[in-house]
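In what follows, a single structure is set out as structure tokens and then discussed.
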Amino acid sequence: MKLLSDKHLFCDTEVKSIDTVKHKQPIIGSVIERGSWNEFKEMVEFYGRDVVIDNVKKARSFSGKTMYSIGGYFDIPIENRNYYTHKQFYQIPYL
């Protein structure tokens, strides 16, 4: 998987220790949050659309922009997004 050679996606992890099957949730999350359009397409092609959608639904957090754009791209209803419901219950108030 070519994505594993991109240091900006996995800057906090030693790339040699990443298992694409065992670590698919963090890989998918990292590519969605920090990846380019080409990296996103490569990830979807590698894992398959259904696996990516399933992992997106299970994700616990995304940034605001990512949360809405990825849900819209995959046409995932808002009530089926774990990261949305989790965000609603655990918002940090602004000072």
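The values are calculated or read from the model by the stated rules, or taken from the named source; none is laboratory data. These figures come from a predicted structure and were not determined experimentally. Methodologically, a virtual Cβ is constructed for each residue, glycine included, from the backbone with ideal geometry; neighbour enumeration extends over all protein chains shown.
For this structure, a couple of remarks:
- If you filter the range 69-95 down to residues that are surrounded by 11 or more Cβ atoms within 10 Å (Cβ to Cβ) and part of a loop (DSSP other than H, G, I, E, B), you find that the one that is modelled with the lowest pLDDT is Arg81.
- Count of the range 1-43 residues, restricted to those that are buried (at least 17 other Cβ atoms within 10 Å of the Cβ), aliphatic (A, V, I, L, M) and not in a loop (DSSP other than H, G, I, E, B), is 6.
- Residue match in the range 60-68 (condition: within 12 Å of Ile28 (Cα to Cα) and either part of a helix (DSSP H, G or I) or modelled with pLDDT of 80 or more (or both)): no
- Test: Val44 is over 17 Å from His8 (Cα atoms), of a type in the set (Val, Ile, Thr) and modelled with pLDDT under 90: no
- Of all residues in the range 38-59, those satisfying the criterion of being closer than 18 Å to Leu4 by Cβ and not aliphatic (A, V, I, L, M) are Asn38, Glu39, Phe40, Lys41, Glu42, Glu45, Phe46, Tyr47, Gly48, Asn55.
- Selection within the range 10-69 - acidic (Asp, Glu), touching a residue at least 12 places away in the same chain (Cβ under 8 Å) and out of contact with any Phe, Trp or Tyr (no Cβ under 7 Å at 6 or more places or on another chain): Glu39, Glu42
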